[in-house]
Every structure is written in C-alpha cells, then in structure tokens.
1. From largest accessible area down, sort 43, 78; use a 1.4 Å probe on the protein chains.
2. Suppose we take every Cα in region 25-70 and form the convex hull; what volume per residue is that in Å³?
Amino acid sequence: MSVEDSLLVGQDMVTITAETRELDRSSEQEIAALDARARRRRKIKVWVLRVVVFVVIVGGWQLLADNTFIIDPFYWGKPSGIVT
C-alpha cells in the first residue's frame, strides 16, 4: 500500500493518509482506555454491592435476633455471639 490510498465511499472519493491512520490508532487506544475504565468501574460497583448485601444480611440478622425475637437466638445464634 502506498502512503495515500483512495476509497470510493458512496459517490465521494475519500483519501486515507498516514495522518488519518495515526488518528485511527489513537482513537483505538482511547477506546481501549475507556473500555478498561468501564470494566474497572463495574468491578468496583460489584464489590461495593457485595459488601452492602453482606452488611444488610448480617446487620438484619443481628437486629432481628437481638431486639425483636423474630429470629430465636436459641436456634439461630446472633452474629455477635458467633464472632465472640
């Protein structure tokens, strides 16, 4: 391939130069960087949600076994009792 290539797009002639190819490479790098950031954000969101679910389950278990006796601590120990 030469330094300049021409393509016929629709009715227009488009010239692809070395500058255009360089822009394509840089935009591909930007897309890859954006994709990596999006994956990182998703991982963080997933871990935060996991921690929130864990805290809600264990906290709810503790509250229900401690104050309301909805969960009988005789059969289902309290998380605070299991840890100590």
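1. Correct descending sequence by accessible area is 43, 78.
2. Expressed per residue, the convex hull around the Cα atoms of region 25-70 is 37 Å³.
The values are calculated or read from the model by the stated rules, or taken from the named source; none is laboratory data. All values derive from a computational prediction rather than experimental measurement. Areas reflect the complete protein model, heavy atoms only, side chains present, ligands, DNA and RNA absent. Shrake-Rupley method; radii C 1.70, N 1.55, O 1.52, S 1.80 Å.
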